[in-house]
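The values are calculated or read from the model by the stated rules, or taken from the named source; none is laboratory data. Treat the numbers as computed from the prediction; the structure is a model and nothing was measured. In this analysis, Cβ positions are derived from the backbone assuming ideal geometry, glycine residues included, and neighbour counts consider all displayed protein chains.
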Amino acid sequence: MKNTNKWNLPTIFERAVGPPRKPVVGRFSATDISAPPFQRVLKERHWESIEQDIRDMMFMLMGTAFHMLMEKYTTKSCLTEYHTSRVHNGVTISGVVDSYDTGRKQIIDYKTTSATSMMYNEGPKPEWIKQLNVYRWLLEGEGYQVDKMTIIAIARDWNSAKAKYDRKYPQTPIMEVDIPLADTAGIVDAWLDRYNNATPCNNEERWAKPTKYAVIKKNATRAIKLYDKEDDAVQHVQHSRDQLTYEVREGSFGRCEGYCNVASVCPYAGGLGENV
């Protein structure tokens, strides 16, 4: 894998991003396990041919900068950027814990995200649950007690004007999210099984959005109703007294289309593909 700078950004950003770290066979991080295992498979198989542009790494760089700031002002009772690992079923699982409060026995992890992702009260993201439970499992392996796990989410694109006029919009750019306990050994074993079998990403991991059929008024753009089946949309249009039409809103795989650095070597990135 190599970093590119196709947009000719200032070279200071190239230095800040640093060179990619080649994965070590038999060693997996908590971040690996919170992501689809097929990503790791493709990194190992195609490392020399993968490229990523530093333009697409700016949000990651913002997150790193925020982590450094929080580390500077963390209280003395906290272990910060704590490196930990343990051997499990013949492989090494490692992690770097943002902060562990030895007094409160609490793991704290900082995440920069979009304001939109904080608008939906659907609970913590699955990858957050996996990552923090791996941290808990690693710390407990060293004898630390963990009673609570918390994500502090920071909306990088928060807009105060939207917060003022839309009560559903996050009213603050910072939100605390409690993470539930999970069977970490089970999470790790399931991930390793899919890694060993090179199992492709599922729809949840690909952030799949199915194709929808939107019934709209003529010369309008906002949907009156969305249907999963085209026939249902046709029936709605034909039996309505209003002047209606419908349009196809094609489905997509959000992660594959803009948030996966191995998409260029993945046979499934554009939809259905052949086995690797």
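Annotations for the structure displayed:
- Of the candidates 25, 41, the single residue that is under 23 Å from residue 205 (Cβ atoms) and free of Cβ contacts under 8 Å to residues at least 24 places away in the same chain is 25.
- Residue check, residue 166 in the same structural domain as residue 90 (by TED's automatic domain parsing), surrounded by 12 or more Cβ atoms within 10 Å (Cβ to Cβ), of a type in the set (Asp, Glu) and touching a residue at least 24 places away in the same chain (Cβ under 8 Å): no
- Each residue in segment 3-50 was checked for being in contact with a Pro (Cβ under 7 Å, 6 or more places away or on another chain) and of a type outside the set (S, T, N, Q), and 4 of them qualify.
- Index of the failed condition, residue 93 passing every other in (1) within 19 Å of residue 154 (Cβ to Cβ); (2) part of a strand (DSSP E or B): (1)
- The conditions of being touching a residue at least 60 places away in the same chain (Cβ under 8 Å), under 21 Å from residue 69 (Cβ atoms), assigned by TED's automatic domain parsing to the domain that holds residue 44 and under 18 Å from the mean Cα position of the chain (by Cα) are not met by residue 187.
- Segment 102-119 - residue that is at pLDDT 95 or above and more than 14 Å from residue 132 (Cα to Cα) and, of those, surrounded by the fewest Cβ atoms within 10 Å (Cβ to Cβ): 103
- Residue within segment 107-115 that is without any contact (Cβ under 8 Å) to a residue 60 or more places away in the chain and part of a helix (DSSP H, G or I) present: no
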